[in-house]
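One structure is given here, and the rest of the page talks about it.
The values are calculated or read from the model by the stated rules, or taken from the named source; none is laboratory data. All values derive from a computational prediction rather than experimental measurement. Glycine gets a Cβ as well: all are built from the backbone with ideal geometry, and neighbour counts include every protein chain shown. Protein only, heavy atoms only, side chains kept; ligands, DNA and RNA dropped before computing areas. Shrake-Rupley method; radii C 1.70, N 1.55, O 1.52, S 1.80 Å.
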Amino acid sequence: MELEVRHLRALCAIADTGSLHKAARQLGMSQPSLTTQLRRIEQEIGGQLFARERTGCRPTPLGRVALSRARPLVSEMRALVIETKAAAARASEGPQLRIGSTANVAIPGWLRRLRLRLPAAETSLQMDVSANALLRMVAGGQLDVAFVHEVEGSPLRLPEGLRRRVLVDREPQFVFLSADHAAAAQPVVHLTDLAADRWMVDPTVDGEWDGLLRVLRAAGLNPRVLHGDYLTASSLVATGEVVTVCQPTSRARPDMVVRPLHGDPLGVRLLVAARTEGEIDAVYGELEAAYWEAARQAPAYGEWLAGRAAAA
């Protein structure tokens, strides 16, 4: 029997799940069929690849050697199929640029610049609160590039094979307050100034709730918290019901103000991910220009950046 990619994929599935039963279900085949296939693979290689135990399957030393060569081959084959399908789709449908992003004020300026530079490309936008979901879509070939944020202390799970480029290594997170909040009169807000307030956070945003909770606990605070989306949060902030974290590029309104937090306790990393460096190069310049344009148009962020520059 000659080993094929499907055999290597089976070995990886058994190692990843630690179980013939789970691996068979993942591969869409019966356990007896997978057991027979594994036996034939072992006969071809000339040794036992997995030790069968009551708790499952564990790679033998020979199995670990085989897996060390199998995994990159399976990964490369997966990338080959994804990229070939994407190329075929582009060839049949014309130039396409499929962008995914978490919420960011820079997106309109980014799309405008891309449209001017790539007028023949059909650009689509997929928004999602989950950065990890967008990264999986890029890895799976459903998106070409993703612009996401990574909450400090809650690293994203970058799928194997993706490339990434950091746009901003640490963007401070500010707060939204109602215009008549007592702390709104200050240029910089201390967390202790908000000790009596209710906070609102969207728990579906990867890392958001954990990051805020760490910061509040570090400040010795245990405030009341409401869970909800940030569109609802802005409405409640305006009426003074809650305060909430916001991006520094967020725009103030007559009934709401944006303020930096003293000491910048909460930050995120902004990054772009794609399957190749070339795909990142194709969009990065326009994104960088759009982001810093948005930063200059946000008074609170502009003052913060000027202060950092003066202190450097």
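When the inverse distances between all different Cα atoms of the range 1-82 are averaged and flipped, the Kirkwood radius reads 12.7 angstrom. For the range 1-89, applying the loop criterion from DSSP together with a ceiling of 13 other beta carbons within 10 Å to the GluC sites (Glu not before Pro) yields Glu2, Glu4.
When both bridge partners sit in the range 1-140, DSSP labels roughly 40% of those beta bridges antiparallel. Amide H to amide H, with H built 1.01 Å from N, Cys57 comes under 5 Å of Ser19, Leu20, counting only residues 5 or more places away or on other chains. Within the set (i) 76, 52, 37; (ii) 57, 44, 40; (iii) 59, 52, 29, the number that Cα extents along the principal axes in Å takes when calculated for this structure is listed as (i).
On full extension, the segment bounded by Glu76 and Ala312 gains 80.5 nm, given 0.36 nm per residue less the C-alpha separation.
Under 5 Å between amide hydrogens, built in the peptide plane, is the criterion, and for Gln126 it picks out Ile99, Gly100, Ser101 among residues at least 5 positions away or on other chains. Summarising the amide proton neighbourhood of Arg163: residues at separation of 5 or more, or on other chains, whose placed amide H is nearer than 5 Å comprise Ala274, Arg275, Thr276. Cα gyration tensor of the range 80-200, axes a ≥ b ≥ c as square roots of the eigenvalues: rounded (a/c below 1.5), prolate (a/b > b/c) or oblate? Prolate.
Using a 1.4 angstrom probe, figure out how much accessible area the range 231-312 has per residue, in square angstrom, rounded to the nearest whole.
44 Å²
Subtracting the Cα-Cα distance of Thr60 and Ala103 from 0.36 nm times their residue separation leaves 10.9 nm of extension gain. Roll a 1.4 Å probe over the protein chains and send me the accessible area per residue for the range 139-200 in Å². On a per-residue basis, 44 Å².
Result for the chain in a Gaussian network model with C-alpha springs under 10 Å: among Thr60, Thr192, Thr276, the largest mean-square fluctuation is at Thr60.
Taking R0 as 22 Å, what FRET efficiency do you get between Arg224 and Ala182 from their Cβ-Cβ distance, rounded to the nearest 0.05? According to the calculation, E is roughly 0.80. Helices meeting the span-like rule in the chain (full DSSP H runs, Cα extent of at least 27 Å along the helix axis, mean Kyte-Doolittle score of 0.5 or higher) are absent. Taking square-rooted eigenvalues a ≥ b ≥ c of the alpha carbon gyration tensor, is the range 174-272 rounded, prolate or oblate, where a/c under 1.5 means rounded and, failing that, a/b exceeding b/c means prolate? It is rounded, given that a/c, with a ≥ b ≥ c, falls under 1.5.
By accessible area, using a 1.4 Å probe on protein heavy atoms only, the range 130-259 has 52% of its surface on carbon and sulfur.
One decimal place: the segment His21-Ile45 gains 6.4 nm when fully extended, by the rule 0.36 nm per residue minus the C-alpha distance.
How would the range 94-149 be classified by its alpha-carbon gyration tensor: rounded, prolate or oblate, with rounded meaning a/c under 1.5 and the a/b versus b/c comparison settling the rest?
Judged from the Cα gyration tensor, the range 94-149 comes out oblate (a/c at least 1.5, b/c at or above a/b).
Computed with every protein chain present, the accessible area of Ser124 is close to 50 Å² [probe 1.4 Å]. Note on the chain: antiparallel DSSP beta bridges, both residues inside, total approximately 65 percent of the bridges counted. Working from Cα pairs under 8 Å separated by at least six residues, relative contact order for the chain is 19 percent.
For Ser30 and Arg217, what is the calculated FRET efficiency with R₀ set at 41 Å and r taken between the beta-carbons, to the nearest 0.05?
For R0 = 41 Å, the calculated efficiency reads 0.25.
I'd like the FRET efficiency for Met1 and Glu277, computed as 1/(1 + (r/R0)^6) with the beta carbon distance as r and R0 of 41 Å, rounded to 0.05.
Efficiency for this residue pair is about 0.60.
The residues of the range 3-120 present an accessible area of 59 Å² per residue when probed at 1.4 Å with all protein chains retained. A helix-only calculation puts the chain at -14500 deg cm²/dmol for mean residue ellipticity at 222 nm, using -39500 (n - 2.57) for each DSSP H run of at least four residues, averaged over all residues. Across the range 193-237, the mean sequence separation of Cα contacts (distance under 8 Å, 6 or more residues apart), normalised by length, yields a relative contact order of 52 percent.
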